[in-house]
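The values are calculated or read from the model by the stated rules, or taken from the named source; none is laboratory data. Because the structure is a prediction, the values reported are computed rather than measured. Here the Cβ is made from the backbone with ideal geometry for all residues, glycine too, and neighbour counts use every protein chain on show. Surface areas here come from the heavy atoms of the whole protein model, side chains and all, with no ligands, DNA or RNA. Shrake-Rupley method; radii C 1.70, N 1.55, O 1.52, S 1.80 Å.
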Amino acid sequence: MMRACVMPRPMTRTLRPLLLALSLGLLGPAQAAWLRDEQLQRLWELGKRDDLALVTQSLRSADAYAAQAMLANDLNDRAAIDRALGLAEACVKQHPEAANCQFVLGTVLSAKAINGGVLQAMRLSGKVFDAWESALRLDPYLFEARIVLQQTYLLLPSMAGGSVPKAEALELAVRSSQPEVAKLLRANLAAKKERWDEVERELLAVKWGDDHSFHGQAMGVWQGLLRHWLKTNEHARARQRMEQLMQQQPQSAVPAFSLGRVAADEGKHDEAIRWYERARGLIGAHTLPIDYRQGLAYLDLGDKEKGRALLQRFVQTPRVPPNNLSDAKKRLKELG
């Protein structure tokens with residue numbers, strides 16, 4: 001893979017948002033299958049960060065190092081990310097055969113790359129990719145690593161290591177051994193080619209099972225399809241699919257949040273607020289920009305006080321989508 005130090009300057013416009021999206025888990029939500037311990041995995045999935053920190057603080061296992069690194073990484077400031085990097089590197093050093101250590105190292109490095117600006121992002125990007133590739137070599141079944149690698153291949157131009165054939169090979173390698181993961185990978189390939197009906201068919205064919213980490217990955221692909229439907233004003237289609245998704249996965253916050261997005265896009269802001277409130281109490285709510293979207297809904301209804309309060313809380317939240325953060329700050333400035 002060509003390293004970032006030789007990338008032409010226009011590449012940084014693609015590299016920086018991509019690395020940030022990957023570090024935030026926006027492209028492939030890392031819901032915690034990379035934590036082998038079921039107790040630790042469940043704490044991460046439920047967003048119980050304080051409990052997770054307490055349980056792992058005196059442990060030295062690969063899971064403990066990985067969890068501690070991700071907890072520090074979630075704080076989204078340079079000092080915390082440096083601590084996270086130290087923990088991730090210790091994880092790799094102490095447990096060189098642990099795929100989750102490499103996976104977390106890549107995630108933390110991507111956060112550090114963005115927080116250090118364009119030049120640092122260019123210097124570190126190669127190490128980010130190396131870590132994710134190492135994770136997959138150590139554990140070919142670690143589907144978070146497979147998915148994030150595929151997304152990297154699909155989103156970067158060829159001069160920076162992007163490759164549709166490599167992305168296709170990642171799907172082919174697990175077509176028999178991990179057929180449900182392969183469906184998500186094929187959906188990503190179809191989205192790259194803007195074959196949205198094909199994306200939908202692959203997602204509808206997915207068998208959910210009981211792996212919460214896989215659920216998170218699938219929800220991430222559904223959210224990408226939702227964004228397309230909102231862009232093309234296919235509200236009825238989006239609503240139908242999100243309602244079906246809610247029936248299939250009633251404990252997930254994504255369908256309720258998505259129905260709020262659909263309602264807001266149609267100008268039904270009271271309905272959107274109700275959906276956002278419903279999403280708050282469900283699994284994965286802490287990963288969604290609910291405060292931001294609900295704040296916008298209140299502003300659209302003319303309630304500046306509630307809108308301002310929610311946006312203020314949102315901008316103080318760690319690890320939020322950068323575009324949402326920039327817009328929230330802009331709106332708060334306009335509100336005074």
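Worth a mention:
- For a straight C-alpha distance cut-off of 15 angstrom, the aspartates and glutamates reachable from K207 (same-chain residues fewer than eight places away being disregarded) are E180.
- Rounded FRET efficiency, nearest 0.05, which uses the C-beta distance separating L172 from R42 and R0 of 41 Å: 0.80
- Formal net charge of residues neighbouring P250 (Cβ-Cβ distance under 13 Å; K, R +1; D, E -1): 0
- V92 sits among other residues whose Cβ lies under 12 Å from its own Cβ, and their net charge, with Lys and Arg +1 and Asp and Glu -1, is -1.
- In the chain, the portion of solvent-accessible area held by carbon and sulfur atoms comes to 50 percent [1.4 Å probe, whole percent, DNA, RNA and ligands not counted].
- The chain - mean residue ellipticity at 222 nm from DSSP helices (-39,500 (n - 2.57) per run, n ≥ 4, rounded to 500): -22500 deg cm²/dmol
- The lysines whose alpha-carbon is closer than 20 Å to the alpha-carbon of K127, local same-chain residues fewer than 8 away aside, are K93, K112, K166.
- Inverse of mean 1/r across different Cα pairs in the range 89-145, Kirkwood, Å: 11.3 Å
- Euclidean distance between Cα centres, the range 194-213 to the range 264-325, Å: 27 Å
- Straight-distance candidates among the aspartates and glutamates for linking to K192, with alpha-carbon spacing under 12 Å and chain neighbours fewer than 8 residues away dropped: E168.
- Charge dipole (debye, nearest 20) of the range 32-102; +1 at Cβ of Lys and Arg, -1 at Cβ of Asp and Glu: 100 debye
- Residue-normalised accessible area of the chain, given per residue in Å² at a 1.4 Å probe: 46 Å²
- Divide the volume of the convex hull around the Cα atoms of the range 237-336 by the residue count and you get 91 Å³ per residue.
- With a 1.4 Å probe rolled over the protein heavy atoms of all chains, the accessible area of L170, L87 falls in the order L87, L170, largest first.
- Percent of Cα pairs exceeding the 20 Å cut-off, where the set is the range 29-169: 45 percent
- Once exposed loop chymotrypsin sites (Phe, Trp or Tyr not before Pro) are cut out (DSSP; at most 14 other Cβ, 10 Å), longest piece of the chain: 1-140
- Residue among P322, P157, P165 with the largest mean-square fluctuation in a Gaussian network model of the chain, springs linking Cα atoms under 10 Å: P165
- The range 52-109: radius of gyration and largest Cα-Cα distance (Dmax), Å: 10.0, 29
- Shown here are the Rg and Dmax of the Cα trace of the range 155-252, at 14.1, 43 Å.
- Over the chain, the hull volume per residue, using the convex hull of the C-alpha atoms, is 135 Å³.
- Length-normalised contact order for the chain - Cα pairs under 8 Å, 6+ apart - percent: 15 percent
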